[in-house]
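Single-structure report; data block below.
The values are calculated or read from the model by the stated rules, or taken from the named source; none is laboratory data. All values reported here derive from a predicted model rather than from experimental measurement. Backbone-built Cβ (ideal geometry, glycine too); neighbour counts: all protein chains shown. Ligands, DNA and RNA are stripped out before the accessible areas are found, and what is left, the full protein with its side chains, is counted by its heavy atoms. Shrake-Rupley method; radii C 1.70, N 1.55, O 1.52, S 1.80 Å.
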Amino acid sequence: MGVFQRIKDMTKASVNELLDKLEDPIVMLNQYLRDMEEEIAQAEVTVAKQMANERRLKQRVEEFNRLAQDREQLAMNAMKDGQEMTAKQALEEKLHYSEKAAEYESMHAESKAQADDLMQQLHDMKHEFY
């Protein structure tokens, strides 16, 4: 058993020695830079997607806030006209839109934090690359 282990060790040592001689530092550095360029390109796409998602969520927040304001105005006008059922329904819709706006606001804040974090990581990667 000892003979086979020694042959195995000698073979591994010879292969490692050969790989060390073949490994060119300049070639390895160039490959590292190419890999980093690819990672940066992928990170830029990811950041762009996250920023687009954040913008969409912000638009949804604004849309629901606008709808809530419209329903509140509708309720006020309905009350002036003596239409209590319409006013009640408009206030219920306002409440629904306000809840949705708050829900999307929290999602927007989380998305913005993620976008900022990804942007910082991208800047760090570019700084390291350059």
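Return a yes/no flag: does segment 24-43 have any residue that is over 30 Å from GLU128 (Cβ atoms), assigned to a helix (DSSP H, G or I) and aromatic (Phe, Trp, Tyr).
No, segment 24-43 contains no residue that is over 30 Å from GLU128 (Cβ atoms), assigned to a helix (DSSP H, G or I) and aromatic (Phe, Trp, Tyr).
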For MET85, are the conditions met, namely being among the hydrophobic types (A, V, I, L, M, F, W, C), more than 24 Å from ALA52 (Cβ to Cβ) and part of a helix (DSSP H, G or I)?
-> yes
If we keep only residues of segment 61-77 that are touching a helix residue (DSSP H, G or I) at 6+ places or on another chain (Cβ under 7 Å) and open to solvent by 60 Å² or more (accessible area, probe 1.4 Å), then the residue farthest from LYS112 (Cα to Cα) is LEU74
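Suppose we filter ARG6, ARG71, ARG56 for residues that are among the charged types (D, E, K, R), touching a Phe, Trp or Tyr at 6+ places or on another chain (Cβ under 8 Å) and assigned to a helix (DSSP H, G or I); which single one remains?
The unique qualifying residue is ARG71.
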Only one of these is charged (D, E, K, R) and loosely packed, with under 15 Cβ neighbours inside 10 Å: LYS80, LYS112, LYS94. Name it.
-> LYS80
Evaluate segment 16-34: report whether one residue or more is exposed (fewer than 10 other Cβ atoms within 10 Å of the Cβ) and of a type in the set (Phe, Trp, Tyr).
-> no
